[in-house]
Amino acid sequence: MNHKLGSRTTLCLIAGLVALTGVAACGPEQAGSEQADGSQPKASSKAVPGADQVAACPSTPSKPPVSNALPDVTLPCLGDGPDVRLADLRGPLVVNVWAQWCGPCRDEAPYLAELAKTGKVQMLGIDYADPRPELAVKFATDEGLAYPHLVDADKTIQRPLKVAGPPLTAFIDKDGAVVYVHRGVLTSQQQLDQLVRDKLGVTL
């Protein structure tokens, strides 16, 4: 009798562990969860439906450190492509921190999309503190943000860039230095274009 009870208990424990494992691997925050080795998984078209419609992240060669650079953190790509180390990036570059749940981010998206069309500066988005990667993909595609986007589900850039919340737009010069950070929503195309001219010296 005890033997049968012990076997039944063992089977229940195994079933419980299987169920817990299934729960841990699913859910809306899947893209921000850690893998077995402690690293962040890449958000790719295989992980998030529709992510193959988002611009792929390019491979970025390692660069020596510079003063006042973007933080030395590596983030996964929202679309296809490798993880990107922010400190390796060089400009002229506009980095926009956004989230699909952020109303002002949606308001300023047309200005960023229009700037990207000029091809005069590099553009990079960072989907910030966003628990719904599938909605982030929809946001980027619906708004025509046709440039690469990274995922910062764990707010790793919060402290170094002093991110109170999205939106935030950083301007990086050709040497990799952050020359200006605009906190809050961009209110017009003229404002964004003027910042690009004034802070990066790029004529549009």
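Accessible surface computed residue by residue for the range 72-204, with neighbouring protein chains in place and a 1.4 Å probe, gives 41 Å² per residue. Placing +1 on the Cβ of every Lys and Arg and -1 on the Cβ of every Asp and Glu, with nothing else charged, gives the range 127-204 a dipole about its Cα centre of roughly 280 debye.
Between Ala113 and Gln194, the distance separating the two model label sites (each 7 Å from Cα on the Cα→Cβ line) works out to 2.4 nm. Carbon and sulfur: what percent of the range 118-161's accessible surface (1.4 Å probe)? Answer for the range 118-161 is 50 percent, counting heavy atoms of protein chains only. When +1 charges are put on Lys and Arg Cβ atoms and -1 charges on Asp and Glu Cβ atoms, the dipole computed for the range 36-173 relative to its Cα centre reaches about 220 debye. Between Leu204 and Trp101, full extension at 0.36 nm per residue minus the direct alpha carbon distance yields a gain of 34.0 nm.
Here the simple spin-label model places points 7 Å from the Cα toward Cβ, and for Thr141 and Arg159 these points are separated by 3.7 nm.
The values are calculated or read from the model by the stated rules, or taken from the named source; none is laboratory data. Everything numeric in this text was worked out from a predicted model, so none of it was measured. Cβ atoms come from the backbone with ideal geometry, glycine included; neighbour counts cover every protein chain shown. Ligands, DNA and RNA are excluded from the accessible area calculation, which covers all protein heavy atoms including side chains. Shrake-Rupley method; radii C 1.70, N 1.55, O 1.52, S 1.80 Å.
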